[in-house]
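A short write-up of the structure that comes next.
What follows is calculated from the coordinates using simple rules that are stated; it is not laboratory data. None of these values were measured; they are calculated from a predicted model. Neighbour counts run over all protein chains shown; Cβ positions are idealised from the backbone, glycine included.
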Amino acid sequence: MALNITVNSRYKITSDERNVIVNRKIIVDPTKAPNWAKRQAEGADPTPREEWREVSYHSTLDKALAAIIDQEVLDSDATTLAEIISEIREFQREIKALVYD
């Protein structure tokens, strides 16, 4: 049975027979595509949509969660060490809530 766990609003974890996969939600705006004029003429829907993209593959769930935390740090707007530590702890609390609820 494959994993399909929503971690937060931006990440979910899935799996296949060999990997634990980190997926990130993106918003696709079809009007930004290079061929939008042609697609619009064909009647394509201009409404943005959500998609999940596979961003990394891991051998264990722990490594997948660590990769998500690392990416959260990279995406952070923190300007001090205290801020980033606070963000990491908050994310760890979110993960623990998922595990123990």
In nm, the gap between the two label points placed 7 Å beyond Cα toward Cβ at E42 and Q92 is 5.0
Quick calc, region 4-100, dipole around Cα centre from Cβ unit charges on Lys, Arg (+) and Asp, Glu (-), nearest 20 debye, gives 200
Among E83, E50, E17, the residue with the largest mean-square fluctuation in a Gaussian network model of the chain built from Cα contacts under 10 Å is E17
Listed residues V20, V73, V28; largest mean-square fluctuation, Gaussian network over the chain with Cα springs below 10 Å, found at V28
For Kirkwood radius over Cα pairs in Å the list reads (1) 15.8; (2) 18.7; (3) 22.6; the calculated value is entry (1)
Whole-Hz Karplus couplings 3J(HN,Hα) for region 62-75, θ = phi - 60° and coefficients 6.51, -1.76, 1.60, Gly and Pro as x, run 4, 5, 5, 5, 4, 5, 5, 4, 4, 5, 4, 4, 5, 7
When the chain is treated as a Gaussian network with springs between alpha carbons less than 10 Å apart, the largest mean-square fluctuation among I27, I69, I84 is found at I27
Taking the chain and counting helices only, DSSP H stretches of n ≥ 4 at -39,500 (n - 2.57) each over all residues, the nearest-500 ellipticity at 222 nm comes to -13000 deg cm²/dmol
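Using the 10 angstrom Cβ neighbour count as an exposure proxy, how do T6, T14 rank, fewest first?
Working: T6 13, T14 16.
Neighbour counts put them in this order, fewest first: T6, T14.
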Sorting A67, P46, T80 by the position of each Cα along the dipole of the chain (Lys, Arg +1; Asp, Glu -1; all at Cβ), the one nearest the positive end of that ordering is P46
Here region 83-89 yields Karplus 3J(HN,Hα) values (6.51, -1.76, 1.60; θ = phi - 60°; whole Hz; Gly and Pro given as x) of 5, 5, 5, 4, 5, 5, 5
Residue-ordered couplings for region 32-42, obtained by feeding phi - 60° into the Karplus form 6.51 cos²θ - 1.76 cosθ + 1.60 and rounding to whole Hz (Gly and Pro as x), are 8, 5, x, 9, 4, 4, 5, 5, 5, 4, 7
